[in-house]
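The next block holds one structure in the form of C-alpha cells; read it before the comments.
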There are 2 protein chains.
Amino acid sequence: MRESSVTIHDVARHAGVSAATVSNFFNWPDKLSERMRSRVETSVTELGFVPNMPARQLRRQRSGIVGLSVVNASNPFFAGIATAVEQVAEDAGLSVVVGSSHESADRQEKFLTLFEQLRFDGVVVAPSDDELEPLRQRRDRGTPVVLVDHEDPDGRLSSVSLDHREGGRIAAEHLVTAGRTRLLFAGGPEGVRQVARRLEGCREVVSGIAGTRLEVARSADLDLTDGEEMGRWIAGLDQDERPDAVFAGNDLHAIGLVNALVAQGVQVPDEVAVVGYDDIPFAARAAVPLTTVRQPIAEMGRAAARLLLDEISEPGREPRDVVFPPELVVRASAP
Amino acid sequence: MRESSVTIHDVARHAGVSAATVSNFFNWPDKLSERMRSRVETSVTELGFVPNMPARQLRRQRSGIVGLSVVNASNPFFAGIATAVEQVAEDAGLSVVVGSSHESADRQEKFLTLFEQLRFDGVVVAPSDDELEPLRQRRDRGTPVVLVDHEDPDGRLSSVSLDHREGGRIAAEHLVTAGRTRLLFAGGPEGVRQVARRLEGCREVVSGIAGTRLEVARSADLDLTDGEEMGRWIAGLDQDERPDAVFAGNDLHAIGLVNALVAQGVQVPDEVAVVGYDDIPFAARAAVPLTTVRQPIAEMGRAAARLLLDEISEPGREPRDVVFPPELVVRASAP
C-alpha cells in the first residue's frame, strides 16, 4: 500500500511547482512566498500527502514503532492489552507508544494523526466511540490499523473482540438461576456498542422470565470512584426499591460498588449480588472476591498485535476478525 | 536552548557540502552517492544534529506532544503518574504518549531518541535505572527533561521524588513498635536507588534495637505473581525461621504476598504482618486491607508535569527538585 501512496512528485505536479519547492515547503517554509506556501499546502491537503520521517526512518522504510490508542491506559483492562501488545511487538523488534483517548474522539484523532505523520509501522486502536471512518481512511492511505475491543461492522478493519451479547447473557442467567429477580444493569452510556450488546444479552434472558425486572443505571466513568458512588446510592434506596443483583460495567466499577455497599452495611451477596466484567487481576483479590465475566485480556492483546504484524508484512491483506468467547468466573460476590 | 542548537547549515559547513545536499540526505538519500551519504552522516553524528519534524510541526515550532517514559505503565503507581501528567498536559493543550521501559535501559533509550527526533515539547522520565547521563545530554541539547520517582544527584535535571529513606524508617518503626522482631525486606534489586534508600531507613531503625533482625529477600518483578511466589516461600519456612513482619517493595507485591500467605493458612497479621509501599487504589480494597507507605501519586505526577511546562516555557531555567514526604497508612495487614 505504502508504495502506491501519494509521492512528493504527485504533489509537485498537482501544484505546478518543482519537487524542490515542495521539499522547501516541508523543510524551510520561510524560503517560500506566502502565495507559494498556500499553493503547495492546498495540494498537500487535497492529495492527502503525508510528509516523510527523517532520513534514518526513511531509509529503512519503517519507524520500528507501533502506536496504541486506548480509552484509558490506567484501567487494568487496557493496561493488560498494552502489556500483551508490547510483548508481541518486542519479539518482532518493535517498540510501542501508548496514548489514552479518555473517550474523547478529538484526542484519539490527535494520536492517530501523530502516528500517521510519524510513519509508525502500524496502530492498534481500542476506539473511543463507534465512529470508525477516520480509522478506515488511515488504513486506506497505507497505515495498518487493527481494532481491539471493537469490531468493524463494515468489515474493512481487522479486529479482536469479544461476544458481548453472550457476556450479558451468561451474567444474567447466572443471577436469575440463583433466584435474583430485581436486576440492575450499571453500565456506561448505551451508545457504546459493547455496552449495548451486553444489555441486549441481559434483556434476552430477563424478558423470558415472569416476575423478573431489569433496570438500567448509567455511570459517567466506569472506575472505582464512580462505582463507590453508585454503591452508596443503591444502599440508600428503600428495601423494596433496591435491586437484589447488580451487573456492573467493569470490574473496577464492581469493586468500588461492593466496597461502598459493605461500608454502608448492605450484605454482599446476601442482600445484593454483584457481577463484574473483565476479570482484571484484582477481581480475585478484592475484599469480596468478585464474580465476573472474564475477557481473555492477554490473549486479546496478543491476537491484535499478531494481526497487526501480519498487516505490516503483507499490506492490503483481507481484514480478519478474531472473536473470543466470554467466560463466567464465579466467586463470593455472586455465588 | 532550541534556538542555539545545531542547524542544517552547521552540518553543511562541517561536511563541506551545500545545505541542499544535507536536505537531500534527509529527504531523498537515494539521490546522493554512497560517499556523499557517509560524509553527511559523519557530520550529522559528530555535531549531534537532530533533523526537523515535518512542516506543520516545524512552522509552529512545537509538536504539541509530551513524551512519558515509565518503568511499567501497567503498574498502578506509574498508571497514576501517567494519568496526572495527562491531566496537567491536557489543560495546557498538550497530548501525552507513554512508553514502558520494563527496566530495560535500551528500551528507554529507544523512546528518548524517538521523542527527541520527533521534537516532542518535552519528556517526563521515571528512569529504568540510575544511569542519568543520556537524559542530561538530551536536556543539554534542548529537550526539556523532568525526572519523576528519581532525583539527579548531580542536580542537572529537575525532579519529583519521595524521601525513600524516611519511607523505610516509618515502615520499620511501625513494625518494631508493634513488637515485631524478625523483619524481612522483600524488595527489588538493591542497586535501584529508591530500594537502597528504603533499606537504609529500615536498617537505621532495626540496628538500634537489640534482639531485632532484618533480612533481605529479592524479587525479580515487584508484581502480584512474584508476590504470591514469595508468600508461598515464606509460608513454607519453619516457624522459627519465618519472619513475623514483611516490608514489601510495592503494594502489588504485598497484595500478592498476603494472598498467598492466607491461602497457605498463615494468619495475617497475627503470624506475619505485611506493609506495602505506594498506596495504590487497590491497597485499601484488598482482601486484607493493606498497611502501606503512601506516595502521593497524583500530586507527584502533577508536580512533574508542572515542572516540565515551566521548562518548556522558559528553556534553560535552573533545575528544581520537589521532594514529597512519605506517609504511613495503617490498615488491617499490619495494625
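The values are calculated or read from the model by the stated rules, or taken from the named source; none is laboratory data. Keep in mind it's a predicted model, so treat the numbers as computed, not measured. Don't worry about glycine lacking a Cβ; one is built from the backbone with ideal geometry, like all the others, and counts go over all protein chains shown. Keep in mind that these areas ignore ligands, DNA and RNA; they rest on the heavy atoms of the full protein, side chains included. Shrake-Rupley method; radii C 1.70, N 1.55, O 1.52, S 1.80 Å.
Quick check on the protein assembly as shown: of the DSSP beta bridges with both residues there, what percent are antiparallel, nearest 5%?
Beta bridges within the protein assembly as shown, antiparallel portion: roughly 10 percent.
Considering chain A as a Gaussian network with a 10 Å cut-off on Cα pairs, which listed residue, A:GLY188, A:GLY155, A:GLY301, attains the greatest mean-square fluctuation?
In the Gaussian network model the winner is A:GLY155.
Taking every DSSP beta bridge with both residues inside chain B, roughly what % is antiparallel (nearest 5)?
10 percent
Pop out a list of residues from the range B:75-100 that are at least 10 Å² less accessible with all the protein chains around than in their chain alone; 1.4 Å probe, no ligands or nucleic acids counted.
B:ALA79, B:THR83, B:GLU86, B:GLU90, B:GLY93, B:SER95, B:VAL96, B:VAL97, B:VAL98, B:SER100
Exactly which trypsin sites (Lys or Arg not before Pro) in the range B:153-215 are in a DSSP loop and have at most 16 other Cβ atoms within 10 Å?
Hits after loop and neighbour filter: B:ARG156.
Heavy atoms only, probe 1.4 Å: what % of the accessible area of the range A:164-296 goes to carbon and sulfur, would you let me know?
Of all accessible area on the range A:164-296, carbon and sulfur atoms account for 45 percent.
Add +1 for every Lys or Arg and -1 for every Asp or Glu among the other residues with Cβ under 12 Å from the Cβ of A:GLU327, and state the total.
-4
Per Stokes-Einstein, at 25 °C and 0.890 mPa s, what whole-number D in µm² s⁻¹ belongs to the protein assembly as shown, with the Kirkwood radius over Cα pairs as the hydrodynamic radius?
Value of D from the Cα-based Kirkwood radius: 91 µm²/s.
Cα axis of helix B:105-117 to longest principal axis of chain B: angle in degrees, 0 to 90, nearest 10?
Between helix and principal axis, roughly 40 degrees.
Mind giving me the nanometre distance, one decimal, between the label points for A:ASP310 and A:ARG136, set 7 Å out from Cα along Cα→Cβ?
Inter-label distance under the simple model: 2.1 nm.
With every protein chain present, what accessible area does A:ARG317 have (1.4 Å probe, heavy atoms only), rounded to the nearest 10 Å²?
In the full protein context, A:ARG317 sits at about 60 Å².
So how do B:HIS174, B:HIS253 rank on accessible area, 1.4 Å probe, biggest first, that is with the largest at the start?
If we order B:HIS174, B:HIS253 from most to least accessible, we get B:HIS174, B:HIS253.
Using a 1.4 Å probe, how large is the accessible area of A:ILE65, given in Å² and rounded to the nearest 10?
Roll a 1.4 Å probe over it and A:ILE65 shows about 10 Å².
Find the accessible area per residue for the range B:54-161; the probe is 1.4 Å, ligands and nucleic acids are left out, and the unit is Å².
The answer is 31 Å² per residue.
Taking amide H positions as placed in the peptide plane 1.01 Å from N, state which residues far from A:VAL96 in sequence (5 or more) or on other chains have amide H under 5 Å from it.
Hits under the 5 Å cutoff: A:VAL66.
Using a 1.4 Å probe and counting only protein heavy atoms, how much accessible surface gets buried when B and A come together, both sides summed, in Å² to the nearest 100?
So the total buried area for this chain pair works out to about 4500 Å².
Leaving out ligands and nucleic acids, and using a 1.4 Å probe, what accessible area per residue does the range A:164-296 come to in Å²?
The answer is 38 Å² per residue.
From largest to smallest, what semi-axes in whole angstrom does chain A give when each is the square root of 5 times an eigenvalue of its alpha carbon gyration tensor?
Largest first, chain A gives 48, 19, 17 Å.
Using amide H atoms built 1.01 Å from N in the peptide plane, name the residues 5+ places from B:SER159, or on other chains, whose amide H lies under 5 Å from its own.
Those qualifying (amide H under 5 Å, at least 5 residues apart or on another chain) are B:LEU147, B:ARG320, B:ASP321, B:VAL322.
Kindly provide the GluC sites (Glu not before Pro) of the range A:198-251 that DSSP labels as loop, not H, G, I, E or B, and whose Cβ sees at most 14 other Cβ atoms within 10 Å.
Here the sparse-neighbourhood loop sites are A:GLU241.
Assuming a ≥ b ≥ c are the square roots of the Cα gyration tensor eigenvalues, decide whether the range B:164-296 counts as rounded (a/c under 1.5), prolate (otherwise, with a/b larger than b/c) or oblate.
Rounded, because the longest to shortest axis ratio a/c is under 1.5.
For B:GLN295, what residues show an amide H to amide H distance below 5 Å, using hydrogens built from the backbone and excluding near sequence neighbours?
B:ASP278, B:ASP279
Summing Lys, Arg as +1 and Asp, Glu as -1, what charge do residues with Cβ under 15 Å from the Cβ of B:GLN87 carry, B:GLN87 excluded?
Charge balance near B:GLN87 sits at -4.
Put a point 7 Å out from Cα along the line to Cβ at B:ASP106; what are the distances to that point in the other copies, in nm, shortest first?
From this label point to the equivalent ones elsewhere in the assembly: 4.1 nm.
Roughly how many whole Å is it from the C-alpha centroid of the range B:288-309 to that of the range A:127-171?
Computed from Cα coordinates, the inter-centre distance equals 35 Å.
With the contact rule set at Cα under 8 Å and sequence spacing of 6 or more, what percent relative contact order holds for chain B?
Once divided by the residue count of chain B, the mean separation gives 17 percent.
Among A:ASN259, A:ALA273, A:MET230, which residue has its Cα positioned farthest towards the positive end of the charge dipole of the range A:164-296, with +1 placed on the Cβ of Lys and Arg, -1 on the Cβ of Asp and Glu, and the dipole taken about the Cα centre?
Of the candidates, A:ALA273 comes out farthest on the positive side.
Considering only the label points, 7 Å along Cα→Cβ from Cα, what distances in nm to one decimal separate A:ASP163 from the same position in each other copy, shortest first?
Between copies, matching label points for A:ASP163 lie 5.9 nm apart.
Which shape class, rounded, prolate or oblate, goes with the range A:240-335 when its Cα gyration tensor gives a ≥ b ≥ c as root eigenvalues, a/c under 1.5 marks rounded, and past that a/b bigger than b/c marks prolate?
Prolate is the answer for the range A:240-335, as a/c is 1.5 or above and a/b outweighs b/c.
Using protein chains only (no ligands, no nucleic acids) and a 1.4 Å probe, work out which residues of the range A:102-134 have their accessible area cut by at least 50 Å² relative to the chain alone.
So the qualifying set is A:ARG107, A:LYS110, A:LEU114, A:GLN117, A:LEU118.
Under a Cβ-only charge scheme (Lys and Arg +1, Asp and Glu -1), can you give me the dipole magnitude of chain A about the Cα centre, in debye to the nearest 20?
Dipole of chain A, to the nearest 20 debye: 1220 debye.
To the nearest 0.05, what FRET efficiency results for A:GLU46 and A:GLU327 with a Förster distance of 45 Å applied to their C-beta separation?
Efficiency, from the Cβ-Cβ distance: 0.35.
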